[in-house]
């Protein structure tokens, strides 16, 4: 027996595909479709997760969680440059959501778009100064831009907030050494 897809939607006639249920038999709310996509992502079925996210977006283009999850899935697939597109859309829809800005910052960083990544991490660090990871990523983006003296501050904060994180100390020390060299 072949696996078919079911219709998923918002319960308002909006439908998208989800694996495992006969086509057109069940209308599933968007939240349920996104939950299924999340489970597909966690189980490593990235192509299926991507497909469900895209179907949700096709039917409901203003659901930030669908763009966010699509970007996370694309990042997991290693396509960071492409992941930045839906993540930027998610940030536009929910500019104050830290998890979206972090995912976008990471995608931009891994795409070597360090100035844009810097903006995301700076916003995160400003909103939550005790977020060690935001401070660390802010420092790393500054380092990648050659701004080692400026990187020392956030990297030192990250290392103080989480002294058990060896990589924080390593990058802090590298920034200090590069800043001293001028």
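The values are calculated or read from the model by the stated rules, or taken from the named source; none is laboratory data. Computed from a predicted structure; not experimentally measured. Heads up, the Cβs are rebuilt from the backbone with ideal geometry, glycines too, and the neighbour counts pull from every protein chain shown.
Residue by residue through the range 64-83, note down the ones that are over 9 Å from the mean Cα position of the chain (by Cα), over 20 Å from residue 35 (Cβ atoms) and either crowded, with 18+ Cβ neighbours inside 10 Å or in contact (Cβ under 8 Å) with a residue 60 or more places away in the chain (or both).
Scanning the range 64-83 gives a single hit, 80.
Please verify whether the range 96-107 includes one or more residues that are over 25 Å from residue 158 (Cα atoms) and either part of a helix (DSSP H, G or I) or within 15 Å of the chain's Cα centre (by Cα) (or both).
We begin by selecting, within the range 96-107, every residue over 25 Å from residue 158 (Cα atoms); these are none.
There is no residue in the range 96-107 that is over 25 Å from residue 158 (Cα atoms) and either part of a helix (DSSP H, G or I) or within 15 Å of the chain's Cα centre (by Cα) (or both).
Condition check ((1) surrounded by 15 or more Cβ atoms within 10 Å (Cβ to Cβ); (2) at pLDDT below 95; (3) touching a strand residue (DSSP E or B) at 6+ places or on another chain (Cβ under 9 Å); (4) not in a helix (DSSP H, G or I)) across all residues:
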{"position": "38", "(1), (2), (3), (4)": "yes, no, no, no"}
{"position": "51", "(1), (2), (3), (4)": "yes, no, yes, no"}
{"position": "62", "(1), (2), (3), (4)": "no, no, no, yes"}
{"position": "86", "(1), (2), (3), (4)": "yes, no, no, no"}
{"position": "90", "(1), (2), (3), (4)": "yes, no, no, no"}
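Among (1) part of a helix (DSSP H, G or I); (2) on the phi > 0 side of the Ramachandran plot, where does residue 117 come up short?
Failed condition: (2).
Exactly one of these conditions fails for residue 140: (1) more than 13 Å from residue 102 (Cα to Cα); (2) touching a helix residue (DSSP H, G or I) at 6+ places or on another chain (Cβ under 8 Å); (3) without any contact (Cβ under 8 Å) to a residue 24 or more places away in the chain. Give me its number.
Exception for residue 140: condition (3).
Checking residue 169 against (1) under 30 Å from residue 63 (Cβ atoms); (2) surrounded by fewer than 18 Cβ atoms within 10 Å (Cβ to Cβ), only one condition comes out false. Which one?
(1)
Could you please find all residues in the range 145-164 being in contact with a helix residue (DSSP H, G or I) (Cβ under 7 Å, 6 or more places away or on another chain) and either surrounded by fewer than 16 Cβ atoms within 10 Å (Cβ to Cβ) or over 20 Å from residue 113 (Cα atoms) (or both)?
Applying the first criterion (in contact with a helix residue (DSSP H, G or I) (Cβ under 7 Å, 6 or more places away or on another chain)) to the range 145-164 yields 145, 148-152, 154-159, 161-162.
145, 149, 152, 156, 157, 158, 159, 161, 162, listed by residue number.
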